[in-house]
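Before any comments, here is the structure.
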Amino acid sequence: MKKFIDIPFGSTRYDELVELRYKVLLEPLGLKFLDMHREKEANYLHIGCIESLDDKLVGGLILIPLNDKEIRLMQVAVDGKHQGEGVGRDLIKHAEKRAKEAGYTKIVMHAMLSVVNFYEKLNFVQEGDLFEEKGITFVRMTKPL
Ligand SMILES: CC(C)(COP(=O)(O)OP(=O)(O)OC[C@H]1O[C@@H](n2cnc3c(N)ncnc32)[C@H](O)[C@@H]1OP(=O)(O)O)[C@@H](O)C(=O)NCCC(=O)NCCS
């Protein structure tokens, strides 16, 4: 069974999540996680998905408050061994519930083109034109809560 938890910044779980994000998101793109970015993450909400059987972290994401109403979803990562099992979908649903409970009314994100369909299945809609960052094409997607 999978469970979804808030991960405290600076905890051992946080280090595991940083490692997972690196392995799933950054390494394949040839990017590094710079320690200088850590401090910026102190005020973010870190969420993890744990496999109860062996207590392993199998997925996670970050929510970044932008203002009183909007929160930004970032760095959604599911361990390669567990992709396609519904972990990503359940993580996003949990994040939506968590953000709504905290009083936010809209989730915004920049999705890589390769995962737009994944978010459309979760009722996110594209907003505005495609744009490029570090050679990768993104589109802004949003969802009211
Ligand atoms: C993209 C990612 C988060 C999806 O998580 P997941 O656990 O593998 O996906 P799920 O099993 O929850 O899939 C839910 C649905 O989305 C579909 N889906 C999953 N990945 C998809 C993709 N890349 N493109 C289109 N559809 C996708 C699934 O087929 C499934 O469809 P269904 O409900 O019709 O069966 C995960 O595969 C991942 O971490 N990928 C690498 C990193 C990445 O690209 N992250 C996104 C950064 S913006």
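For Arg89 and Met74, compute 0.36 nm times the residue count separating them, minus their Cα-Cα distance, and round to one decimal in nm.
Here the answer is 4.0 nm.
What is the ratio of the Cα radius of gyration of the chain to 2.2 N^0.38 Å, where N is its residue count, to two decimals?
Taking the Cα Rg and dividing by 2.2 N^0.38 Å, one obtains 1.00.
How much length is gained if the chain between Glu101 and Leu25 is pulled fully straight, taking 0.36 nm per residue apart and subtracting their Cα-Cα distance, in nm to one decimal?
24.6 nm
Just list whichever of Lys3/Lys121; Lys2/Lys97; Lys32/Lys100; Lys40/Lys106 have alpha carbons separated by over 26 Å in the model shown.
From the list (Lys3/Lys121; Lys2/Lys97; Lys32/Lys100; Lys40/Lys106), the Cα-Cα distance tops 26 Å for Lys32/Lys100.
Springs between alpha-carbon atoms under 10 Å, Gaussian network over the chain: tell me which of Glu133, Glu96, Glu39 tops the mean-square fluctuations.
Maximum among the listed residues: Glu133.
Let's test the formula: R0 of 22 Å, r as the Cβ-Cβ distance of Ser52 and Phe118. What FRET efficiency results, to the nearest 0.05?
0.35
Gap in Å between the Cα centre of segment 8-31 and the Cα centre of segment 62-120?
For segment 62-120 versus segment 8-31, the Cα centre distance is 16 Å.
Computed from the coordinates by the stated procedures, all read-outs in this text should not be read as laboratory data. Every value quoted in this text rests on a predicted model; they were computed, and no experiment measured them. Here the Cβ is made from the backbone with ideal geometry for all residues, glycine too, and neighbour counts use every protein chain on show.
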